[in-house]
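Enquirer: Here it is, the structure in full.
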Amino acid sequence: TNIYSFDGVLVAMLLFICTCAYMKRVPKLKDWCFTDKSGIWGVLYKAAVIGIRLHVPVSVCCLLMAVYVIFLR
């Protein structure tokens with residue numbers, strides 16, 4: 001996927017949110033990456049919070065983006 005196109009940016013953002021949400025569920029990574037809520041670690045924390053609290057819309061967006069990338073692009 002070309003990250004310089006709009007759909008490439010959307011794919012990268014969705015993957016980033018899903019990865020952060022998954023990493024927050026791992027206890028050792030949670031203590032290491034998600035304790036600070038400012039700076040670069042804050043971006044990881046906020047993406048994880050979005051992925052956890054909005055897990056249904058994020059998963060629907062992932063499915064729709066997968067259909068778009070596989071069949072329509």
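The values are calculated or read from the model by the stated rules, or taken from the named source; none is laboratory data. Just so it is clear, the structure is predicted and the values come from calculations on it, not from any experiment. No Cβ is skipped: glycine too gets one built from the backbone with ideal geometry, and neighbour counts run over all protein chains shown. For the accessible areas, the whole protein counts, side chains as well, though only heavy atoms, and no ligand, DNA or RNA atoms are used. Shrake-Rupley method; radii C 1.70, N 1.55, O 1.52, S 1.80 Å.
Enquirer: Go through 58, 67 for me and flag whichever is touching a residue at least 24 places away in the same chain (Cβ under 8 Å), β-branched (Val, Ile, Thr) and either in a helix (DSSP H, G or I) or surrounded by fewer than 11 Cβ atoms within 10 Å (Cβ to Cβ) (or both).
Expert: It is 58.
Enquirer: Okay, next question. Scan region 37-48 for residues that are surrounded by fewer than 18 Cβ atoms within 10 Å (Cβ to Cβ) and among the small types (Gly, Ala, Ser) and jot them down.
Expert: 38, 39, 42
Enquirer: Do we have residue 51 as more than 14 Å from residue 13 (Cα to Cα) and either open to solvent by 90 Å² or more (accessible area, probe 1.4 Å) or in a helix (DSSP H, G or I) (or both) here?
Expert: No.
Enquirer: Exactly one of these conditions fails for residue 10: (1) open to solvent by 50 Å² or more (accessible area, probe 1.4 Å); (2) without any contact (Cβ under 8 Å) to a residue 40 or more places away in the chain; (3) not polar (S, T, N, Q). Give me its number.
Expert: Exception for residue 10: condition (2).
Enquirer: Suppose we filter region 46-73 for residues that are out of contact with any Ser or Thr (no Cβ under 8 Å at 6 or more places or on another chain) and modelled with pLDDT under 90; how many remain?
Expert: Residues meeting the conditions: 2.
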